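In what follows, a structure is listed as structure tokens, so that the remarks can point back to it.
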Amino acid sequence: MDVYLPEKDKDTSAAVVICNGGGYQILAMDKGGYNIAQWLAERVVAGIVLKYTMPNGHQQILSGDARQAMHTVRAYASECGIDPAKVEIAGSSAGGHLASTVGTRFDPGNPNAADPVERYRCRRDFMLLLYPVISFREEIGHIGSCRNLIGEGCDWKLVQNFSNKLHFTAYVPPAFLVLPDDDSSVVPRNTIKFYSALKDNYVPAVMHIFLKGGHGFGMRNNNSPTENWQGLNMDCLKISGFMTN
């Protein structure tokens, strides 16, 4: 993990673990990772960029990386001035799939674990998802991400298991969702179905759909309305009590 902390004279409380996109084939580290982390640090939020392992058909590897990251952030929270009750997970594209996977399925930690890090819960307190891959169903899913995660053939049971709109409880954390209407890579129905599932389970959520922007706009400065997602997200976090500054 690469950690971006605010200046030492600034009070930090919240932290965001960032999962980069890249179709589970590469890590798009800049616009979906480092740039977001730096932007967060400038706004007194710790930005933590996760370098997760490429799955190559071994689907349990990368969700294990993300859960371990959440355990670790909470274990060392006091050293970084982070409130362990204010740890968000963020992800874009395939990274959004990873973030929503660990956002819908998590563990409370093992108080008897030999490794102190494993004693901390890995549940997120908030989710930020940018144009996320949600479903692996052929009609709307991103087939490249599907194949890279669960292997060729896209076994139906695994497709169901990793279609995250199907795995909801009332304990799923609140979410902020962003997408462009003209996304031809990860079709908007992915995010919309996830939002609907959140509402069906009475989970607080905000969704913003921009008319144009294309897939992967991230932190790109393109003089487009999509740039407004950053301020909208901060406003949402303040209103929800996740941030106080």
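Fraction of C-alpha pairs exceeding 15 angstrom in the range 152-213: 56 percent, rounded to a whole number. If R0 equals 45 Å, the separation of the Cβ atoms of GLU139 and ASP83 corresponds to a calculated FRET efficiency of about 0.60. Rounded to 0.05, the FRET efficiency of the TYR171 and SER240 pair, given R0 = 22 Å and the Cβ-Cβ distance, is 0.85.
Straightening the chain between GLU227 and ARG43 buys 64.7 nm, computed as 0.36 nm per residue apart minus the Cα-Cα spacing. Label sites at LYS8 and ASN56, each approximated as a point 7 angstrom past Cα along Cα to Cβ, lie 4.2 nm apart.
If only the Cβ of Lys and Arg carry +1 and only the Cβ of Asp and Glu carry -1, the dipole of the chain around its Cα centre is close to 380 debye. Legend: residue pairs LYS86/LYS157; LYS157/LYS212; LYS157/LYS199, Cα-Cα distance threshold 27 Å; pairs beyond threshold, LYS86/LYS157; LYS157/LYS212. Matching the structure-derived log10 I(q)/I(0) by the Debye sum over Cα atoms at q = 0.11, 0.15 Å⁻¹ against the labelled list (1) -0.71, -1.00; (2) -0.51, -1.00; (3) -0.64, -1.09 gives the label (2).
Output the relative contact order of the chain, whole-number percent, from Cα pairs under 8 angstrom with separation of 6+ residues.
RCO, the chain: 18 percent.
Scanning residues 5 or more positions from PHE126 or on other chains, those with amide H under 5 Å from its amide H are ILE89, with H placed 1.01 Å from N in the peptide plane. Using the 1.4 Å probe convention, the accessible area of the chain works out to 44 Å² per residue with neighbouring protein chains retained. Here the accessible area is traced with a 1.4 Å probe on the protein chains. For the chain, carbon and sulfur cover 50 percent of it. Using R0 = 22 Å, the C-beta based FRET efficiency linking MET1 and ILE26 works out to 0.80.
The values are calculated or read from the model by the stated rules, or taken from the named source; none is laboratory data. This is a predicted model, so every value here is computed, not measured. We place every Cβ from the backbone using ideal geometry, glycine too, and count neighbours over all the protein chains shown. Just the protein is used for accessible areas: all its heavy atoms, side chains included, with ligands, DNA and RNA removed. Shrake-Rupley method; radii C 1.70, N 1.55, O 1.52, S 1.80 Å.
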